[in-house]
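Take a look at the structure set out below.
The values are calculated or read from the model by the stated rules, or taken from the named source; none is laboratory data. Source: prediction; values computed, not measured. Neighbour counts run over all protein chains shown; Cβ positions are idealised from the backbone, glycine included. Protein only, heavy atoms only, side chains kept; ligands, DNA and RNA dropped before computing areas. Shrake-Rupley method; radii C 1.70, N 1.55, O 1.52, S 1.80 Å.
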Amino acid sequence: MFSEPQFNPQMVNNVFGDTSAYIGVMDSLCVGLTLDAGLYDALLEQLANEIARCTDA
């Protein structure tokens, strides 16, 4: 399951919190990233890492 930083994470936790489902964050707004020349590459890497973590869970 993926959530996004602009939405309330409690909604996802209410549905999936008691399960073994991986809850990842898709930060398409770049909330946790540095705004510089490497932003796009960092965004793609972050999204790919979240997908990889989800498939490993």
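Across all directions, the average flat footprint of the convex hull enclosing the Cα atoms of the stretch 3-57 is 3.9 nm².
Between G17, N49, F7, the Cα set farthest toward the positive side of the dipole of the chain (charges on each charged residue's Cβ, about the Cα centre) is that of G17. Element breakdown for the chain at a 1.4 angstrom probe: carbon and sulfur atoms account for 58% of the accessible area. Surface analysis of the chain yields an accessible area of 74 Å² per residue, using protein heavy atoms and a 1.4 Å probe. Taking Cα atoms only, the orientation of helix 39-56 departs from the longest principal axis of the chain by about 30 degrees. For the chain, the set of chymotrypsin sites (Phe, Trp or Tyr not before Pro) satisfying both a DSSP loop assignment and a count of at most 10 other C-beta atoms within 10 Å is given as F7. Stretching the chain fully between T34 and N13 yields a gain of 4.8 nm (0.36 nm per residue, less the alpha carbon separation).
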